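A quick write-up on the structure given underneath.
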Amino acid sequence: MRVYVPLTLSGLTEAHKTGELGSGPLVAYAVTPALRDWYDSEDVEELEYAALGQAALASLRLLDADRAAPRRRVVVAVDVADRIVEADPDPGNDAAEPGEVRVTGRVALAKAAAVHVDADGAEAAVQAAAEALAAADGGDGGARSVVDGAEDHELLWFAPQEIPHLVGS
């Protein structure tokens, strides 16, 4: 199953050093029945793009928590065995995002299919979105617009071989 793991550049640097995204459980995003219902599409490419977007929002949340990380969203697309993915890890959790999954096993960075990262030019919008996130979650429409503004910046696609360049090693 293809899952989209949200990170920061600091997290990607750590994954590059250790060779793994983590040993689980990891929060990731994938094409799930809940995502299909939410997005209302059967087009697999559209659904994968929606899962990537959910992971990008989760990356923004990680940036909000890690003020020292460079202000660029990072999502690693990785193929994992279906048996280590829980598609609905907490059915009673109304705060769970559509497509949210829990990866319960070890995830080697070598299994990455692609890495998606903001361009340098997105940093100001991503910074503003990270700062507005709490207010947006609280229902502030203006803050929601700021958060949505980060989505105006498409994540760039990088091959896994380009990770050393992305993390500066």
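Each reported figure results from applying straightforward, stated rules to the coordinates on display, with no laboratory input. A quick note: this is a predicted structure, and the numbers were derived from the prediction, not measured. Positions of Cβ are backbone-derived with ideal geometry, glycine not excepted, and every protein chain shown enters the neighbour counts.
Residue by residue, here is whether (1) more than 22 Å from E162 (Cα to Cα); (2) of a type in the set (S, T, N, Q); (3) out of contact with any Gly (no Cβ under 8 Å at 6 or more places or on another chain) holds:
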| residue | (1), (2), (3) |
| --- | --- |
| L12 | no, no, yes |
| G22 | no, no, yes |
| D40 | yes, no, yes |
| A87 | yes, no, yes |
| A108 | no, no, no |
Say whether the condition of being of a type in the set (D, E) and under 17 Å from A108 (Cβ atoms) is met by at least one residue in the stretch 11-22.
yes
Among the candidates A87, A81, A34, residue that is farther than 23 Å from D118 by Cβ and out of contact with any strand residue (DSSP E or B) (no Cβ under 9 Å at 6 or more places or on another chain)
A81
Find all pairs meeting these conditions: Cβ atoms under 6 angstrom apart; at least six residues apart or on different chains; first residue within the stretch 5-28 and closer than 20 Å to A68 by Cβ; second residue acidic (D, E).
T8/D66
Helices (runs of 4 or more DSSP H) wholly in the stretch 100-169 with at least 1 residues that are under 24 Å from E14 (Cβ atoms) and not small (G, A, S) - which ones?
123-137, 163-167
Can you name the residue in the stretch 126-142 that is closer than 14 Å to L57 by Cβ and over 17 Å from the mean Cα position of the chain (by Cα) and, of all such residues, is surrounded by the fewest Cβ atoms within 10 Å (Cβ to Cβ)?
A134
